[in-house]
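The values are calculated or read from the model by the stated rules, or taken from the named source; none is laboratory data. Worth saying up front: this structure is predicted, and the values here are computed from it rather than measured. Ideal geometry is used to build each Cβ from the backbone, glycine not excepted, and the neighbour counts take in all protein chains shown.
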Amino acid sequence: MILRDAVRVLVANWDGSHTVPSRRLYPHQWSWDSAFTAIGNARWSPRRARTELLSLFGAQWRDGRVPHIVFNPAVPEGAYFPGPEFWQAHAPSGSATSGIVQPPVHALAAWKTYLAEPDTAFLHRIYPRLVAQQEFLRAARRSPEGLVSIVHPWESGMDNSPAWDLPLQAVRPAAAGFVRRDLATVSADERPTDRDYERYVSLAAAYRDSGYRGPGEFQIECPLFNAAYGLAEATLAEIAGVLGLDPAPHEREAAAITAAMVEHLFDGELFQARDVRTGLLIHSASTAGLTPLLLPGLPRDVAGALIATALDRFGLKDGALPSYSPAAPEFDPARYWRGPSWINLTWLVWQGLRDRRPDLAALVADGITAAVAHAGFREYFDPFALSGHGCRDFSWSAALILDVVAEHGLHGLPASGREVGQEAGGVGEADQVGHHVLA
């Protein structure tokens, strides 16, 4: 049942060439959402996964950036804020987009899509676009220390994390004059505050007005973003090898970013964000600090320290992984990125544990499936009660369940939750959903 329902969510959220995160709150294409969705789609329809990624990269800018939103022209302007009129940005393809980016997890998505159904023609098409994405980050965002910075909390993917509270205090809020569409769908208690949004809008408007070039008042080296960048280089080395190209430049870059992160962002227990403007670490208890476990070249002692921290401060063995340490005073189990468990963040940590600590990885995978079995494909979950919050029928929650089940199975769930349908709502590619996902 859980697999069939996951595919049905993805089918319902499919817009012809891409998947929307949710029909009501997020009616456009989001960058890292599409990457995670492709990873799940690859388990039952590799063709759809390829289409998802190529559609997103069809809106890539000439400088290589992949915008965090590609707007659907059929959706009314007022359905989402900030929309196309706010961003005033277009890709060479003509698509209206935002002007900021999100963590570059797309190389991993492309590689997993290829492994699900080897198609070198797809790799030949996507590889130069993935390389251009990395080159943009090096050219526009690299600091002298060799790390990559973000210029808006939305670029971290963890928009409302307490890790951003301190640097956001320096941002002058925008004058109220916009209408938040999110509160029509989700309770205000589960979303960023109005003051948070005023600062988000102020930063985005200043970056827009700079021609999408200036760093502005928020310039942060985020551990999750840099881990994704480093993993992308390691993955591009794998792709280059398949295509008969030299993987060495990617391998050197992956090693360099890993070394820079250890030197500048690791506090001995957890990776922290660093404020480029002040040169100081932003000490927080964000689960983003565990994501460097993804880096294949992470020193063993550093990985061991991260795992110890995950067990001690994040309750890694207890089930759903929170997005912020429950021991921290800022923790909130229901508010956006301030404590709830998110399937994609937990999935990233799971990926980093699979080879290093398979026993712990299994517990994390069980936590992912238990949350979905309890509350459905919600946007995020209370890490203790497993109650669902945010949107319903959220695409990456459905997609990543397919990937987790394919690798780990459905251990610990009652039999009623393990039933696998033989059809996916009439979608021809999914005639044997269970077979494709579990094979």
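Observations on the structure shown:
- Matching residues in region 260-302 - criterion: being closer than 21 Å to P322 by Cα and acidic (D, E): D267, E269
Quick grid of which residues meet (1) in contact with a Gly (Cβ under 8 Å, 6 or more places away or on another chain); (2) modelled with pLDDT of 90 or more; (3) within 24 Å of S325 (Cβ to Cβ):
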| residue | (1), (2), (3) |
| --- | --- |
| S156 | no, yes, yes |
| P173 | no, yes, no |
| G177 | no, no, no |
| R181 | yes, no, no |
| A184 | no, no, no |
| S187 | no, yes, yes |
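- Residue in region 231-238 that is among the small types (G, A, S), closer than 19 Å to R274 by Cα, at pLDDT 95 or above and buried (at least 23 other Cβ atoms within 10 Å of the Cβ) present: no
- Unmet criterion (only one of (1) at pLDDT 95 or above; (2) within 20 Å of W337 (Cβ to Cβ)) for H264: (2)
- Count - residues of region 13-51 that are over 27 Å from A370 (Cβ atoms), in a loop (DSSP other than H, G, I, E, B) and under 19 Å from the mean Cα position of the chain (by Cα): 3
- Subset of region 383-400 that is crowded, with 21+ Cβ neighbours inside 10 Å and over 18 Å from the mean Cα position of the chain (by Cα) - its residue that is farthest from H28 (Cα to Cα): P383
- For the residues L54, L10, the requirement of being part of a helix (DSSP H, G or I) and in contact with a helix residue (DSSP H, G or I) (Cβ under 6 Å, 6 or more places away or on another chain) singles out L10.
- Which numbered condition V171 fails, given (1) buried (at least 18 other Cβ atoms within 10 Å of the Cβ); (2) of a type outside the set (S, T, N, Q); (3) assigned to a helix (DSSP H, G or I): (3)
- Checking each residue in region 195-226 for being without any contact (Cβ under 8 Å) to a residue 40 or more places away in the chain, under 22 Å from A288 (Cα atoms) and not charged (D, E, K, R) picks out only Y197.
- Residue list for region 46-91, filter: in contact (Cβ under 8 Å) with a residue 24 or more places away in the chain, of a type in the set (A, V, I, L, M) and under 18 Å from L25 (Cα atoms): I69, V70, V75, A79
- Qualifying positions in region 60-83 - modelled with pLDDT of 95 or more, more than 25 Å from F225 (Cα to Cα) and of a type in the set (A, V, I, L, M): A74, V75
- Taken over region 30-55, the criterion of being farther than 14 Å from A399 by Cβ and either buried (at least 22 other Cβ atoms within 10 Å of the Cβ) or acidic (D, E) (or both) is satisfied by S31, R50.
- The set of residues from region 351-386 being over 26 Å from V11 (Cβ atoms) and in a loop (DSSP other than H, G, I, E, B) comprises R354, D355, R356, R357, D382, P383, F384, A385.
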